[in-house]
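One structure is given below, encoded as structure tokens.
Every number in this text was worked out from the coordinates using simple rules, so none of it is lab data. The shown structure was predicted, so the numbers you read here are calculated from the model rather than taken from an experiment. Cβ placement follows ideal geometry from the backbone for every residue including glycine, while neighbour counts extend to all protein chains displayed.
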Amino acid sequence: MGSLLGSTSLGQALMTLVSFLILLYCVRRFAWKPLMDILQQRKQMIDKDINEGRQLKESSQRANKEAQATLREAKVTANKILADAKKQGEQLKHKLKEDGQKDVTYMKDQAQKRMEHERQQSLEKSKKIIENVSIELAEKIIQREITNEDHHRLINDFIHRLEDEVRHG
């Protein structure tokens, strides 16, 4: 074989070709398949990571949308609570004002009743004093005893005249 191939360039080319084919066979047999398997596994891992990234991104976007919706609902709820609180405050203010006015009116009425009662008591005391004085005066003037009926008539006449004079000034 050495003389067939010899030192010619055809021999070298042929030898190079045979060496290259043996090298290709060895690479294919021993290195290509494991290398391809490693690259395939790497590709699958990258695809898996990309899919997980997409899922995480979608999940994050959904969570973000849900959070924004929850935030909007919370704002609406907060505004409603504030509006209700303001309304209840106004109602309480109005109620307290009404209760205060009722209390003032009640106290005013009670004071008027008390004053009227005291006035009636004063009138009764005055009547008794006038009655006693008028009886004594009448007894001295007439020198006789006056009956209770006469006495009441005289007192009532006297009081009516007194009230008329007070009214007319």
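Brief remarks on what is shown
- Computed magnitude of the charge dipole of the chain (debye, nearest 20; Cβ of K, R +1, Cβ of D, E -1): 2200
- The local environment of GLU118, defined by Cβ-Cβ distances under 14 Å, has a net charge of +2 under the rule Lys, Arg +1 and Asp, Glu -1.
- Taking the three principal axes of the alpha carbon atoms in region 42-167, the coordinate ranges are 145, 22, 16 Å, sorted in descending order.
- Charge dipole of the chain about the Cα centre (unit charges at C-beta), most positive-ward option of LEU39, LEU14, ALA74: LEU14
- Relative to the longest principal axis of the Cα atoms of the chain, the long axis of helix 9-26 makes an angle of roughly 40 degrees.
- Folded to 0 to 90 degrees: helix 33-142 orientation relative to the chain principal axis, Cα: 0
- Helix 148-168 axis, angle to the chain major axis (alpha carbon atoms, nearest 10°): 60
- Sum of side-chain charges, ASN64 neighbourhood, beta-carbon under 14 Å (Lys, Arg +1; Asp, Glu -1): +2
- Candidate lysines - alpha carbon under 21 Å from LYS125, same-chain residues fewer than 8 apart omitted: LYS113
- Shape call, region 69-135: gyration tensor on alpha carbons, a/c limit 1.5: prolate
- Global size of region 1-99: 39.8, 131 Å for Rg and Dmax (C-alpha atoms, Rg to one decimal, Dmax whole).
- Surrounding net charge for LEU21, when Lys and Arg each add one and Asp and Glu each subtract one, Cβ distance under 15 Å: +2
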